[in-house]
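K.L.:
Can you read through this structure? Questions will come right after.
The values are calculated or read from the model by the stated rules, or taken from the named source; none is laboratory data. None of these values were measured; they are calculated from a predicted model.
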Amino acid sequence: MHKILGRDPAIFLAVIAAAIKLIAAFFIDLTADRQAVLNTVAAAAVGAAVASVARKEG
């Protein structure tokens, strides 16, 4: 498994998901669908970052 900044990508996704839920709970009214879209975008971004790191490491 390739790592980003020395960390497993799943850690970044968990932190992002938790942040989205906290923001939705206390600051912005986000529906469950919008939260899912934001989490999907985050997963795609982390996936692209992992692919980039994997390509550089060869």
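K.L.:
Have a look at VAL46, VAL41, VAL37 and point out the one that is part of a helix (DSSP H, G or I) and at pLDDT below 90.
P.N.:
Numbers: VAL41 fails: at pLDDT below 90; VAL37 fails: at pLDDT below 90.
When all the criteria are applied, what remains is VAL46.
K.L.:
Still on this structure: Every residue in segment 19-34 that is part of a helix (DSSP H, G or I) and over 14 Å from the mean Cα position of the chain (by Cα), please. Write out each step before concluding.
P.N.:
Kept after step one, since they are part of a helix (DSSP H, G or I), are these residues of segment 19-34: 19-26, 32-34.
Within segment 19-34, LEU22, ILE23, ALA24, ALA25, PHE26, ALA32, ASP33, ARG34 meet the criteria.
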